[in-house]
Amino acid sequence: MTEQNPTGISAETLIRLSAAQLAEKLAAGEVTAVQATQAYLDRIAAVDGQVNAFLHVNAEEALAVAAEVDAIRAAGGAEAEALHYLAGVPIAVKDLIVTIGQPTTAGSKILEGWHSPYDATVVERLRAAKMPILGKTNLDEFAMGSSTEHSAYGPTRNPWDLDRIPGGSGGGSAAAVAAFEAPLALGTDTGGSIRQPGAVTGTVGVKPTYGSVSRYGAIAMASSLDQIGPVTRTVLDSALLHQVIGGHDPRDSTSLPEPLADLVAAAKTGNVEGLRIGIIKELHGEGYQAGVENRFNDALELLKEAGAEIVEVSCPNFQYALGAYYLIMPSEASSNLAKFDGVRYGLRVLPEDGPMTIERVMGATRAAGFGDEVKRRIILGTYALSAGYYDAYYGSAQKVRTLVQRDFEAAFAQADVLISPTAPTTAFPLGEKLDDPLAMYLNDVATIPANLAGVPGLSLPGGLADEDGLPVGIQLLAPAREDARLYRVGAVLESLLEAKWGGPLLAQAPALGAVSLETQEAK
């Protein structure tokens, strides 16, 4: 039988609460932080052998933080009153974000077993809020991929169908939340690596405005595109977590100086009446799975019935965004990954014969430590930056980036928020696109423009596709610094959809999503 805590709340019930619901029960004394954390650790032990969402589980430290929260609440007084709303709510962290006391591998053999001497800013803020960190989640190596099949530690599997991908690069964080192994997680989004996994796992993923959440301590792939953000089960949970991790950081030179707006209040606004919501002409229709289009149209109808004005906008330069991205991102990655040389830290492989020069040690180390996709992007980026090709490739891509930004400016002059499907298809089978990089890259066609322009994007569950019964994502985009608009519209759309479905989408999940701990342990 599933163990119950003294208040009668089963572990099975605990792991299915939203972060906001769990926080309320913790504050009311209906459950302890240790009980909640242990329930998630038990869930990880029971199912993660099949999902492979976690690369490292941080049980001892997580339980110690939970016990500290319980002791403060039990003592009462000013310290208890000062506890953060999410104190005691567990969280998982993508293994691209450095943490003291846990390995940070970036999903690569070149950093296997490496321990950072410092915490990322977002991790410092989680610790300040006394949120138990359950562990580090799997990803495509150095965040390079759309399926989490390029991890050096094996692929993560989608909890809706274990033979399908959970999206990428942050498939570990999305799968952990979808499989009820964590109520919250952090991801990073360079071209859609939070939003696209959210779409295919039925979770909520947010890419904040570039610079509104510190990147200090996130291992860089493409510095002008990378952004840390929340992975959750509800829009309100994302707003709560975003509020914890966001805000100015003097250690990040790209950090915006102003404080965040009240994102939680925006998520509780409760109406979209009078808002103009723009359908992006170039991000739906031909090339999108029929079931994805159907759920997208359903969402539009619900928003229209709720009082929003639906308009169509055109962003003609979005057709060039994918090509521009796959020149800018590899170029920046080739520069950022030059530090992994076998000399300063991480893996070192010595050449088998010949002279022992630094160049030959670097060559042997990088050949053994990097996977095929990382090597592919380093080669592409190095070529694009090389003498004689810089202006033709990297320089031209940056010009396209400016055109994409201008398209957004024109679109936001006509609409308050833009909307599109998050991904053109539902989750595809593991291995289906591994030998076709171009087909893999097309998964990011709808998410990449937001990264090129630095604007915020939110993906929320839009329902299940007719063809395969798998989750579909709906993407919302807002102007830079207007993240609150995403939470306002996203929370209303989420509420409308759940009223139509009769409850959260994850409650309908087959396989691990609907399997109890008791049943899983019996297996």
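The values are calculated or read from the model by the stated rules, or taken from the named source; none is laboratory data. Treat the numbers as computed from the prediction; the structure is a model and nothing was measured. With ideal geometry, Cβ positions are generated from the backbone for all residues, glycine too; neighbour counts draw on all protein chains shown.
Computed quantities for the displayed model
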{"item": "Filter pass, Glu359 being touching a residue at least 60 places away in the same chain (Cβ under 8 Å), among the acidic types (Asp, Glu) and not in a loop (DSSP other than H, G, I, E, B)", "result": "no"}
{"item": "Answer from Ala392, Ala364, Ala368 - the residue that is of a type outside the set (Val, Ile, Thr), farther than 25 Å from Met440 by Cα and either touching a residue at least 12 places away in the same chain (Cβ under 8 Å) or surrounded by fewer than 18 Cβ atoms within 10 Å (Cβ to Cβ) (or both)", "result": "Ala364"}
{"item": "Meets criteria (in contact with a Gly (Cβ under 7 Å, 6 or more places away or on another chain), crowded, with 24+ Cβ neighbours inside 10 Å and under 13 Å from Asn52 (Cα atoms)) for Thr201", "result": "no"}
{"item": "Residue tally, condition on the phi > 0 side of the Ramachandran plot and not in a loop (DSSP other than H, G, I, E, B), over region 308-348", "result": "0"}
{"item": "Identity of the residue in region 371-389, crowded, with 17+ Cβ neighbours inside 10 Å and small (Gly, Ala, Ser), that ends up farthest from Val349 (Cα to Cα)", "result": "Ala384"}
{"item": "Residue identified as of a type in the set (S, T, N, Q), surrounded by 20 or more Cβ atoms within 10 Å (Cβ to Cβ) and on the phi > 0 side of the Ramachandran plot among Asn138, Asn52", "result": "Asn52"}
{"item": "Test result for Ala23, farther than 30 Å from Leu430 by Cβ, of a type in the set (A, V, I, L, M) and part of a helix (DSSP H, G or I)", "result": "yes"}
{"item": "Criterion (surrounded by 17 or more Cβ atoms within 10 Å (Cβ to Cβ) and within 20 Å of Pro197 (Cα to Cα)) met by exactly one of Leu236, Leu256, Leu263", "result": "Leu236"}
{"item": "Pair list, Cβ under 7 Å, 6 or more apart: region 477-495 residue farther than 19 Å from Glu301 by Cα and in contact (Cβ under 8 Å) with a residue 12 or more places away in the chain, other residue assigned to a helix (DSSP H, G or I) and among the charged types (D, E, K, R)", "result": "Ala478/Arg485"}
{"item": "Test result for Asp353, more than 25 Å from Gly145 (Cβ to Cβ) and either in contact (Cβ under 8 Å) with a residue 12 or more places away in the chain or surrounded by 12 or more Cβ atoms within 10 Å (Cβ to Cβ) (or both)", "result": "no"}
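Results for (1) outside any strand (DSSP E or B); (2) in contact with a Pro (Cβ under 8 Å, 6 or more places away or on another chain); (3) at pLDDT below 95; (4) surrounded by fewer than 16 Cβ atoms within 10 Å (Cβ to Cβ), shown as yes or no for each residue.
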{"residue": "Ala80", "(1), (2), (3), (4)": "yes, no, no, yes"}
{"residue": "Leu83", "(1), (2), (3), (4)": "yes, no, no, no"}
{"residue": "Val89", "(1), (2), (3), (4)": "yes, yes, no, no"}
{"residue": "Val93", "(1), (2), (3), (4)": "no, no, no, no"}
{"residue": "Thr99", "(1), (2), (3), (4)": "yes, no, no, no"}
{"residue": "Ile110", "(1), (2), (3), (4)": "yes, no, no, no"}
{"residue": "Tyr118", "(1), (2), (3), (4)": "yes, no, no, yes"}
{"residue": "Val122", "(1), (2), (3), (4)": "yes, no, no, no"}
{"residue": "Met131", "(1), (2), (3), (4)": "yes, yes, no, no"}
